[in-house]
Number of protein chains: 2
Amino acid sequence: MGVGILRFAGALGVILMLGAGVCGMAQAQPLPQAQSQPQPQPQAQASIDAADLAIAAKLRDQALRGTDAFALVESLTTEVGARVAGTDAEARAAQWAVRELTRLGLANVRVETFEMQGWVRGPERAQTTAPFAHELVISTLGYSVPTPAGGIEAEVALFDSLEELIAAPLGSLDGKIAVVTYAAVKTMTGAGYGYAVRARRSGAIEAARRGAVGFLMRAAGTHSNRYANTGAMAYADDVRKIPAAALAPPDAALLQRLAKRGPLRIRFETRPTLPGTVTSQNVIADIVGSERPNEYVILSAHLDSWDGGTGALDDGAGIGITGAVAGMIAALPTRPKRSIRVIFFGAEEFGLIGARAYVARHRARLGEYFIGNQADAGDGRPYAFRTRVAESALPAFDPVRALLRPLGIIPGDNLATSGPDMTPFREAGVPLYGIEQDMTDYFDLHHTPSDTLDKVSASNLDQNAAAWAATTWLLANMEAALRP
Amino acid sequence: MGVGILRFAGALGVILMLGAGVCGMAQAQPLPQAQSQPQPQPQAQASIDAADLAIAAKLRDQALRGTDAFALVESLTTEVGARVAGTDAEARAAQWAVRELTRLGLANVRVETFEMQGWVRGPERAQTTAPFAHELVISTLGYSVPTPAGGIEAEVALFDSLEELIAAPLGSLDGKIAVVTYAAVKTMTGAGYGYAVRARRSGAIEAARRGAVGFLMRAAGTHSNRYANTGAMAYADDVRKIPAAALAPPDAALLQRLAKRGPLRIRFETRPTLPGTVTSQNVIADIVGSERPNEYVILSAHLDSWDGGTGALDDGAGIGITGAVAGMIAALPTRPKRSIRVIFFGAEEFGLIGARAYVARHRARLGEYFIGNQADAGDGRPYAFRTRVAESALPAFDPVRALLRPLGIIPGDNLATSGPDMTPFREAGVPLYGIEQDMTDYFDLHHTPSDTLDKVSASNLDQNAAAWAATTWLLANMEAALRP
């Protein structure tokens, strides 16, 4: 996932929803492995056939015994690796996806291209020049403009938080490099990341508005390794564009110590290239519904990654989970009543560009889409099921909640945001659901060079696939009116 | 610490020594904080005055309440940072040490220079070119020769271990890049590192002997981050010198996956510079003994570090522990009977060069040295006290063992190797002791860019300082003949 505000909004919802229950979560026992078929509750029988309930339970239990999810991540990270939006590598990932989705038995496998503004990392380097000289480890933020060749060197204005930077008077940063040293907090929901990442999105704007010539921030990550989580940033039309980069956490701490010993100066150089308009693509595939083929249940993830690692967790994990689930359902002797549409979005990391392109292109048909979801939270265990549907439709989800309960998944609220790429769908009125995953350790690795296959738990992927598979089948076959 | 065989030898000793007791260690309770004065045992009273026992216990308990150790590491890593042997940065570290040892009240603070062959990291880069293209993260091994500009590109011969490489016939690696993917095992003693690091020392020799044109190895570290532990390597006079580098652990795993998909090829380029003879230095300071000033108790650490991080654990921690202990003893109203000599060695990482220079320069007086020790194992908790002295002298150490017992330190064997820089002293006949530290997590950070201050535990440093301080005082005042 790349755009923090969406996850942040969702995370706050989870916090509010859980209330005192959060404490109970912390004491949760190991998740039971569901093997028996659930007893549907009386009010649930209205929305779903017993045969479909049985299929959903069977899919769930099959997934717990092992899925293709990890093998898909292994293949993607080994045969493609890093796949930055708008590059040849991302196009190779799309061809990989076409091959895999075809192999998994999906229909209508195709690529839809779109245009985007490209951005490619170049040489980047930073160092303190006073009061003591140190090399700093940085990662230029996506869409940052370059510095001049040779870099910029300036006095540093250090802020403990974005709020402190915003409290600085206009003009007070003239000619300076503004640095925010705020450290992200670990949370199960990702809310700690959501709070910290605001500096990535608006820090350069706020700094430039106050006169700064450059912006650095402690990386929006929760680790203490000597590399900096990257990610996209933004500019405002009415403010000068200044170069921006993230600092490795230990380097941000070093700056705090140096600043106590005398005026702090930094030289930093970053030379990304902005090649103008480039092409990215979404990969789409269907399991065509037997009764209502135009009503889609979206099963999605994003195919692009950042450039440091191989995007194993972000979002290889989502590709693995949704790809495995699609393959399981495609292999069933029975077709679902509604269509299931797999969408592997391109260019999520640069601002949901693939998702917006999809919505723009398919807008005329979105009114028929039944519900959407995206897996983009790594391999953390699923722990809550949320929806964003008409209140009147909530009872229809009781069978879903019942099937997920043995997986250690608690009922959530009706404020689901799902993955970031579901935002344009939500704005277009498409109902959503979300299977929330434990993100406590996700931001140790997210957008870092260490987001590699060895971090991915096959059993966690299978646990998620179990939830996704059962839910997808129920949603593709249930009777309900999800829109107000 | 830099030269694995020394630590390895020591670690094996610990394993043998502990025997079945290793299991007991795993269940150890939190270490008690000693606050009361110990009752000396009858057989111990012969070797040490009650007044000195009381001073040693007081030093120990004072250290547990807090020492300068962390502040020294903070200062060194902030005001100097990385300090590769033979560079200006190492010389600045020496000036820092002169300032700090003087401030701490030591006498005869001085610098002794020596010459060494310099080596400075240059640009380094690697990538797979078949069967799929990936960028690899490498760290050139210290003293490696450079590749030609543009690098070398060759088919890869992959080996699971150094043993497998050595089993390959002569000529079987002609024109290839040999890669060892062996992963280091975590151990409390560091023995897992000691086993893995053999590839760093002899891998390039063994590969070249079989015809290889380049050598890569999975970094001798126990983490899974996307950077490679560096360290010095070696060449043999009778074998061609081939360039050598360490791979980040996830990248080594990637190579194993790629090799299953077709012939693996790698291009790698490294451009270190070898400036010839450069100058390094040891920093020396004394607490002059009141009765036997020519009998030295050595309290040592090493001042140089690798270039990626700031050498906070390796060996900032040792500098902090020994510096703090020296300062505590210098501040006492009573002088020890023997002299305490603080030595902050230069150029440990390139092969104990500073220690060898010291021994060569002071050889005529080494016969009078009472005992030596070096702190070079990070900030892990102390857990065993070892010696390498005449068997007849062992009972004289009973008071030491008694004073260390409340710190959770068990009696060890008489095969101490102490820190790596004590090797030339041992070879010259100087008795040694060692305070073994828990190294389970040390090789997550050792020789990596993440060896930074935020990893250092002030309370662990104090726990070590407590052991070192009490031991140093007892050794400087005890009656014993330590040599055979």
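The values are calculated or read from the model by the stated rules, or taken from the named source; none is laboratory data. Bear in mind that the values here come from a model prediction, so they are computed numbers and not experimental data. Every residue, glycine among them, receives a Cβ derived from its backbone with ideal geometry; neighbour counts consider all protein chains shown. Ligands, DNA and RNA are stripped out before the accessible areas are found, and what is left, the full protein with its side chains, is counted by its heavy atoms. Shrake-Rupley method; radii C 1.70, N 1.55, O 1.52, S 1.80 Å.
Is the shape of the range A:362-402 best called rounded, prolate or oblate, per the rule: a/c under 1.5 gives rounded, else a/b larger than b/c gives prolate, else oblate, with a ≥ b ≥ c the square roots of the Cα gyration tensor eigenvalues? Verdict is oblate for the range A:362-402. Ranked by the mean number of other Cβ atoms within 10 Å per residue, highest first, peptides B:425-431, B:163-169 order as B:425-431, B:163-169. Placing unit charges on each Cβ (+1 for Lys and Arg, -1 for Asp and Glu) gives the range B:270-364 a dipole about its Cα centre, and among B:ASN294, B:LEU274, B:GLY320 the Cα reaching farthest toward its positive end belongs to B:ASN294.
Seen against the Cα atoms of chain B and their longest principal axis, helix B:198-209 is set at about 30 degrees. I need the shape label for the range A:210-288. Rule: rounded when a/c is under 1.5, else prolate if a/b > b/c, else oblate, with a, b, c from the alpha carbon gyration tensor. Since a/c reaches 1.5 but b/c is at least a/b, the shape of the range A:210-288 is classed as oblate.
Shown for the protein assembly as shown is the translational diffusion coefficient from the Stokes-Einstein equation, using the Kirkwood radius over Cα pairs, a temperature of 20 °C and a viscosity of 1.002 mPa s: 71 µm²/s.
Along its first, second and third principal axes, ordered by size, chain A spans 72, 47, 41 Å in Cα coordinates.
Within the shell of other residues whose beta carbon sits under 9 angstrom from the beta carbon of B:ALA178, the net charge comes to +1, with Lys and Arg scored +1 and Asp and Glu -1.
Could you work out how far the C-alpha centroid of the range B:308-350 sits from that of the range A:433-468, in angstrom? Cα centres, the range B:308-350 to the range A:433-468: 44 Å.
Each pair of Cα atoms in the range B:184-322 enters the Kirkwood radius, and Stokes-Einstein at 10 °C and 1.306 mPa s then converts it into a translational diffusion coefficient of 86 µm²/s. Under 5 Å between amide hydrogens, built in the peptide plane, is the criterion, and for B:HIS302 it picks out B:ILE319, B:PHE345 among residues at least 5 positions away or on other chains. A 1.4 Å probe run over the protein chains yields, for the range A:399-448, 24 Å² of accessible area per residue, whole-number rounding. For the residues of B:445-453, the average number of beta carbons from a partner chain within 10 Å of their own beta carbon is 4. With 26 Å as the limit, the listed pairs A:LYS455/B:LYS455; A:LYS455/B:LYS260; A:LYS176/A:LYS260; B:LYS58/B:LYS186; B:LYS186/B:LYS455 have B:LYS58/B:LYS186 beyond it between alpha carbons.
A simple spin-label model places the labels of A:GLU368 and A:ASP49 2.1 nm from each other, with each point 7 Å out along Cα-to-Cβ. From most to least packed by mean Cβ count within 10 Å, the peptides A:251-260, B:116-125 give A:251-260, B:116-125. Counting every Cα pair in the range B:251-383, what percent are over 26 Å apart? Across the range B:251-383, Cα pairs with separations above 26 Å total 43 percent. Site pair A:SER290 and A:ARG103 shows an inter-label distance of 2.8 nm when each label is modelled 7 Å from Cα along Cα→Cβ. Under the convention that each Lys and Arg Cβ holds +1 and each Asp and Glu Cβ holds -1, the size of the dipole of the range A:94-251 around its Cα centre is about 480 debye.
Note on A:ARG110 and A:ASP237: with the Förster distance fixed at 51 Å, the Cβ-Cβ geometry gives a FRET efficiency of about 0.90. With the simple model of a label 7 Å out from the Cα in the direction of the Cβ, B:ALA331 to A:ARG405 spans 6.4 nm. Distances between every pair of Cα atoms in the range B:339-382, grouped in 5 Å steps from 0 to the bin holding the largest one, split as 5, 17, 24, 25, 16, 8, 3, 0 percent. On the beta carbon distance between B:SER161 and B:SER459, with R0 = 30 Å, the FRET formula returns roughly 0.20.
Using R0 = 22 Å, the C-beta based FRET efficiency linking A:SER224 and B:GLU135 works out to 0.40.
Couplings 3J(HN,Hα) of the range A:124-135, computed from phi: 8, 7, 8, 7, 7, 10, 7, x, 9, 8, 9, 6 Hz, in residue order, whole Hz [Karplus 6.51 cos²θ - 1.76 cosθ + 1.60, θ = phi - 60°; x for Gly and Pro]. Per-residue Karplus couplings for the range B:400-406, computed as 6.51 cos²θ - 1.76 cosθ + 1.60 with θ equal to phi - 60°, are listed in order as 5, 4, 5, 5, 7, 4, x Hz, Gly and Pro entered as x.
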